[in-house]
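Q: Just dropping this structure here.
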Amino acid sequence: MSEPVGPLPTPRGLVAKLAAVMAGIKHVPKRGRNAFHGYDYATEADIADAVREGLAEQGVMIFPSVEKLEWRSVETKSGAQAVATLHVRFCVTDGVETREFLMLGEGQDGGDKATYKAMTGAQKYMLLKLFLISTGDDPEADDAPRKPEAPKPAPAKRASSTADHPPLPPREPGDDDEPTRSPKGAMMPPCPHCKSSKAVIKNRFTAGEYVCWEKSTRGKGCGRKFSQSSPTETKPATEPPECPACGSAEAVQSSAPGEYLCTKSAGGCGQEWRSR
């Protein structure tokens, strides 16, 4: 008499077997390196290795078949390259149940590898989507990682103007100070010392005062200062007194009524004094 046999195992469907394969996939390393764009990726071989043992244990096979092939040519910097687009039908079966679906693959190459690249891409993404394998290789992301933006150059400085900056405070007059030039076309009074009018310009430090400028490009001046009540009226010039320090009269200038300066630029000693 035969011994009693326990209950037979319940047959598992194809979906349950595929789920068991998916549960056994822990991690797919990124062993591929795109040197041109500078990023790592999971290769088709690594993904196939991750699912092969689980499919074999569950008795599941996957059969690919190409249903359609499309070609086109693209121009690149290195010349024309062929682009192959494959429509691949994958048949997943355990010998009892069968599931089929289509997957596209595309490959580009300057030689004869475009078709093989397309087939590899179709199989890689079929396994990724069928078993929900996450690798971080998102095809919707840009191929080339974005480079950090270079700092923008500072805008060129414009020439300063009185509209941009307030006028500087007045400085004290000195021997090397350049007097303010007279407006173009303005009539300047003649110098009462040398009678020149081409070198006469307004003194920017003292209102109502003029300078017979020695550095003028319109004519050689004597370097003396004088006051004028009106640009069109000339007061009779008076000879300046002699310097009490050096005795020179040629270098003496009147900076204000009753005040005199023996200017160094005219060969004087620089002495200042007030007449009594």
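The rows are residues; the columns are (1) at pLDDT 70 or above; (2) farther than 19 Å from V200 by Cα; (3) exposed (fewer than 12 other Cβ atoms within 10 Å of the Cβ).
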position: Q228; (1), (2), (3): no, no, no
position: P240; (1), (2), (3): no, no, no
position: A245; (1), (2), (3): yes, yes, no
position: S248; (1), (2), (3): yes, yes, no
position: A251; (1), (2), (3): no, no, no
position: S254; (1), (2), (3): no, no, no
position: E259; (1), (2), (3): yes, yes, no
position: T263; (1), (2), (3): yes, no, no
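Q: So which residues in the stretch 80-132 are under 26 Å from A56 (Cα atoms), of a type in the set (G, A, S) and surrounded by fewer than 16 Cβ atoms within 10 Å (Cβ to Cβ), if there are any at all?
A: The one that is under 26 Å from A56 (Cα atoms), of a type in the set (G, A, S) and surrounded by fewer than 16 Cβ atoms within 10 Å (Cβ to Cβ): G95.
Q: Identify, please: which residue in the stretch 210-221 is surrounded by fewer than 20 Cβ atoms within 10 Å (Cβ to Cβ) and under 18 Å from G268 (Cβ atoms) and is, among those, modelled with the highest pLDDT? Explain how you work it out, then say what you get.
A: Residues of the stretch 210-221 surrounded by fewer than 20 Cβ atoms within 10 Å (Cβ to Cβ): 214-220.
Still in the running and under 18 Å from G268 (Cβ atoms): 214-215.
Details: E214: 68, K215: 64.
Out of the qualifying residues, it is E214.
Q: Being over 60 Å from the mean Cα position of the chain (by Cα) and either on the phi > 0 side of the Ramachandran plot or at pLDDT 70 or above (or both) is the filter here, so list the residues in the stretch 265-274 that pass it.
A: Going residue by residue through the stretch 265-274, those that are over 60 Å from the mean Cα position of the chain (by Cα) are 273-274.
Correct list: R274 only.
Q: When the stretch 92-126 is examined, which residues are found to be touching a residue at least 24 places away in the same chain (Cβ under 8 Å), outside any strand (DSSP E or B) and under 20 Å from K77 (Cβ atoms)?
A: Within the stretch 92-126, G110, A114, K117 meet the criteria.
Q: Right, here's the next one. Which numbered condition in (1) modelled with pLDDT of 90 or more; (2) farther than 15 Å from K124 by Cα; (3) surrounded by fewer than 16 Cβ atoms within 10 Å (Cβ to Cβ) is the only one that D40 fails?
A: Evaluating D40 over (1) modelled with pLDDT of 90 or more; (2) farther than 15 Å from K124 by Cα; (3) surrounded by fewer than 16 Cβ atoms within 10 Å (Cβ to Cβ) leaves (1) as the failure.
The values are calculated or read from the model by the stated rules, or taken from the named source; none is laboratory data. Bear in mind that the values here come from a model prediction, so they are computed numbers and not experimental data. All Cβ positions, glycine included, derive from the backbone under ideal geometry; neighbour counts span all protein chains shown.
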